[in-house]
1. Give me the pairs, please: first residue somewhere in the stretch 154-179 and surrounded by 15 or more Cβ atoms within 10 Å (Cβ to Cβ), second residue anywhere and part of a helix (DSSP H, G or I) and polar (S, T, N, Q), beta-carbon distance under 7 Å, and either six or more positions apart or on two chains.
2. Can you say whether Lys12 is surrounded by fewer than 15 Cβ atoms within 10 Å (Cβ to Cβ) and either touching a residue at least 40 places away in the same chain (Cβ under 8 Å) or touching a strand residue (DSSP E or B) at 6+ places or on another chain (Cβ under 9 Å) (or both), as far as the supplied structure shows?
3. Which of the residues that make up the stretch 18-43 are surrounded by 17 or more Cβ atoms within 10 Å (Cβ to Cβ) and β-branched (Val, Ile, Thr)?
4. Would you confirm whether or not the stretch 91-107 contains a residue that is over 24 Å from Arg179 (Cβ atoms) and in contact with a Lys or Arg (Cβ under 9 Å, 6 or more places away or on another chain)?
5. Starting from the stretch 204-218, take each residue that is closer than 21 Å to Ala70 by Cα and list its partners that are at pLDDT 80 or above and hydroxyl-bearing (Ser, Thr, Tyr), counting only C-beta distances under 6 angstrom and pairs at least six apart or across chains.
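The values are calculated or read from the model by the stated rules, or taken from the named source; none is laboratory data. Just so it is clear, the structure is predicted and the values come from calculations on it, not from any experiment. Cβ: placed from backbone, ideal geometry, glycine included. Neighbour counts: every protein chain shown.
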Amino acid sequence: MLANIILDYFFKGGPIMWPILIAFLGALAVILDRAFWWMQHRSSLKPAVQEQVREDLGNGDFSAAWQATANTGDDYLDTLHEGMGHAHTSMLAAMQLRATQTVEKAEARLWVLSTFITLAPLLGLLGTVTGIMRSFSFVGDDQLAASKVSGGIAEALIATACGLGVAILSLLPYNYYRRCAAQLRAALERWINHAELLVNSAKHHGHDLEDWCRTLLQK
């Protein structure tokens, strides 16, 4: 019953409903894709290991930190592992590069959602214009003029409502995922800065990460 009502409104909305439907399906696909990515990201985090690695870095136990951060799937630990592996050149630059890749993955395909936020209302507006034009084309036609004019107006209103609906559906998740990506970027920056401070602290106590890295590479 509900499906019949939806189909009825869909066809009353005119041909512009097809691109609006494509926009809706595209937005829904991106929303589900981002939800799955963030679920994977959050489930891969290992707070206990992160805390232990911080302690290892501060104590200068780089070998333990290196082993604990190997192939974890945790973006924070992977970032540190990448930095430790390039400590003989630039640990900070290596970590920043790895963090940038993570943030890019977090923001992937959000531009598609942003496009639909703008495109869907414009498609609805186009449906409004074509519907009203269709209504005026029947003005002066005495035979069934009223029903035909009302049909064109209905087409205009349905297309507008659906276009706005797709934009609203896209806007809320878009802002949410942009906020999540901004928080991830800030958290990675704090993690990198904290790791650098711990390494510098260990260096003052006679534990040089660069020397350890060169020894690792020679093995």
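1. Ala156/Thr128; Ala159/Thr128; Thr160/Thr128; Tyr174/Ser114
2. On the way: surrounded by fewer than 15 Cβ atoms within 10 Å (Cβ to Cβ): no; either touching a residue at least 40 places away in the same chain (Cβ under 8 Å) or touching a strand residue (DSSP E or B) at 6+ places or on another chain (Cβ under 9 Å) (or both): yes.
For Lys12, the condition - surrounded by fewer than 15 Cβ atoms within 10 Å (Cβ to Cβ) and either touching a residue at least 40 places away in the same chain (Cβ under 8 Å) or touching a strand residue (DSSP E or B) at 6+ places or on another chain (Cβ under 9 Å) (or both) - is not met.
3. Correct list: Ile20, Val30, Ile31.
4. Within the stretch 91-107 (the criterion being over 24 Å from Arg179 (Cβ atoms) and in contact with a Lys or Arg (Cβ under 9 Å, 6 or more places away or on another chain)), the answer is no, since none of the residues qualifies.
5. none
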